[in-house]
Amino acid sequence: DVDWRNEMIKPTSFQHTYYASADGGGSLVSYFLSLGTSFEASAYKLDKGNKYKPEVGFNKHTYRSNIDINLTRTTKVKFGVDGYITDRKAPGGGDTDELWRAQSKLTPMIFPTVYSDGKYPAMATGDASYSPYVLLNYTGTGKEEQTTSNVNLILEQDLSFITEGLRVEALLAHNH
């Protein structure tokens, strides 16, 4: 009689988030800088006796920098860069959705988490071909990284000497 959710899910998991920023400047140059990072632990119970030590979790690192320069009383240059880097680790047998599908299709009586001889259960084919315990702990770790960055450069010219409130901007941007 296996309660698959109880076998798979911890009662708590942790997320650590850190953020730092700085800004300042003077009449000619001003700046803003920020860095952030977030570490999210998995809510899944991993087998501590597993020699392969699979990892499951999500980490995100962010950055931003803005620099504004007053070239003249009426001309400004603005430079900005921002982006993030993510690192997602999931069970090698599929994403975590596969774990939920497997546990939702199994009845508590189909097979145990581990047989008495130490072997792990699996069926030939079908929607619930492996136990979620095996999918989580014995199929390795899949890793997905994603990086995004944006850079922009703006030239701003105040034309109030022609008409009050008139200004023109030129923008150059690159996304990667």
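The values are calculated or read from the model by the stated rules, or taken from the named source; none is laboratory data. For clarity, every value in this text was computed on a predicted model and none was experimentally measured. Cβ coordinates were reconstructed from backbone atoms using ideal geometry, including for glycine residues, and neighbour counts include every protein chain displayed. With ligands, DNA and RNA removed, areas are computed over all heavy atoms of the protein, side chains included. Shrake-Rupley method; radii C 1.70, N 1.55, O 1.52, S 1.80 Å.
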Check: What FRET efficiency comes out for the pair residue 19/residue 70, r = Cβ-Cβ distance, R0 = 35 Å, nearest 0.05?
Finding: 0.75
Next item on the list: At a 1.4 Å probe radius, which order do 174, 61 fall into by accessible area, largest first?
Entry: 174, 61
Item checked: Inter-probe distance in nm under a simple model that places probes 7 Å from Cα toward Cβ, at residue 3 and residue 171 -> 5.4 nm
Item checked: Using a Förster distance of 22 Å, the FRET efficiency for residue 158-residue 27 (Cβ separation, nearest 0.05) -> 0.90
Note to self: With Kirkwood's inverse mean 1/r over C-alpha pairs for Rh, give me the Rg to Rh ratio of segment 1-96, two decimals please.
What the structure shows: 1.28
Notebook entry, point to check: Got a number for carbon plus sulfur as a percent of segment 22-128's accessible area, 1.4 Å probe?
Noted result: 57 percent
Notebook entry, point to check: Between the helical axis of 96-105 and the dominant principal axis of the chain, each derived from Cα atoms, what acute angle in degrees is found, rounded to the nearest 10?
Noted result: 30 degrees
Margin query: Could you report the accessible area of residue 96 in Å², rounded to 10, computed with a 1.4 Å probe on the protein chains as they sit in the structure?
Written below: 40 Å²
Next item on the list: Can you send over the solvent-accessible area of residue 172, 1.4 Å probe, protein chains only, in Å² to the nearest 10?
Entry: 120 Å²
Margin query: For the chain, what does the accessible surface come to per residue with a 1.4 Å probe? Please give it in Å².
Written below: 66 Å²
Checklist line | Total formal charge among the other residues, if their Cβ is under 14 angstrom from that of residue 5, Lys/Arg +1 and Asp/Glu -1 | finding: +1
Next item on the list: Starting from the alpha-carbon convex hull of the chain, give the projected area averaged over all orientations, in nm².
Entry: 15.4 nm²
